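So the structure is just underneath, and the comments pick up after that.
Bear in mind these aren't lab numbers, they're just calculated from the coordinates by the rules spelled out. The shown structure was predicted, so the numbers you read here are calculated from the model rather than taken from an experiment. Here the Cβ positions follow ideal geometry from the backbone for every residue, glycine too, while neighbour counts run over all protein chains shown.
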Amino acid sequence: MNKSPVVIGSDHAAYQLKEKIKKFLIENGIAVEDAGAQGEGSVDYPDYGIKVASLVSAGKFDRGILLCGTGIGMSIVANRFSNVRAALCNDLFSAIMSRRHNNSNVLVMGGRVIGDVLAIEILKAWLETPFEGGRHQKRLDKFNDMGRSA
Ligand code: RB5
């Protein structure tokens, strides 16, 4: 399991899931920085997506986790940042392939789409699966330097 420190963020819709994921990470010896939200009051997902994605983009964290109701908003925000490869994974196969082929460094899930138990299984798979490199690195190199916001 990859034990790099992780920065995590959610909006109100996935706050409860964020708390469960934090607990899992801490119990597994993975340091976690919580970028908010800090409760279930209504907030705007971009505020938290930007915080997490900018820290990963700047290399302050190797990995991030973003959660919102569907995961869609957080994915759209996070993928505007250079060096961020955010993968919306509401199923196990996507999580595994996002690591093997896309070297995803931000895991995104939808707290209103999947249950907590599946979310933890997806997280475990994402933490345990290595990038395959080779032809997949060549493909990443084709768009890694396209000069989006950082
Ligand atoms: C919040 O209501 C919801 O829009 C948000 O959590 C997310 O699903 C956006 O993509």
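Let me confirm something: among S104, S82, which residue is touching a helix residue (DSSP H, G or I) at 6+ places or on another chain (Cβ under 7 Å) and crowded, with 23+ Cβ neighbours inside 10 Å? Full working, then the answer.
Values: S82 fails: crowded, with 23+ Cβ neighbours inside 10 Å.
Sole residue among the options that is touching a helix residue (DSSP H, G or I) at 6+ places or on another chain (Cβ under 7 Å) and crowded, with 23+ Cβ neighbours inside 10 Å: S104.
Every residue, every condition in (1) within 16 Å of the ligand (Cβ to nearest atom); (2) exposed (fewer than 12 other Cβ atoms within 10 Å of the Cβ); (3) farther than 14 Å from A119 by Cβ, yes or no:
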position	(1), (2), (3)
G9	yes, no, yes
G29	no, yes, yes
G36	yes, no, yes
Y45	yes, no, yes
G49	yes, no, yes
S54	no, no, yes
S57	no, no, yes
K60	no, no, yes
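Within the group N105, N144, which residue is of a type outside the set (G, A, S) and in contact with a strand residue (DSSP E or B) (Cβ under 9 Å, 6 or more places away or on another chain)?
None of the other options fit; the residue is N105.
I'm checking my understanding of the structure. Among residues of the range 107-150 that are in a loop (DSSP other than H, G, I, E, B) and in contact with a helix residue (DSSP H, G or I) (Cβ under 8 Å, 6 or more places away or on another chain), which one is surrounded by the fewest Cβ atoms within 10 Å (Cβ to Cβ)?
The residue in question is P130.
Condition first: in contact with a Cys (Cβ under 9 Å, 6 or more places away or on another chain) and of a type outside the set (A, V, I, L, M). Now tell me which residues in the range 100-139 satisfy that.
S104, G110, G111, R112, W126
Please specify each residue of the range 75-102 satisfying the condition of being touching a residue at least 40 places away in the same chain (Cβ under 8 Å) and either within 10 Å of the ligand (Cβ to nearest atom) or at positive phi (or both).
N83
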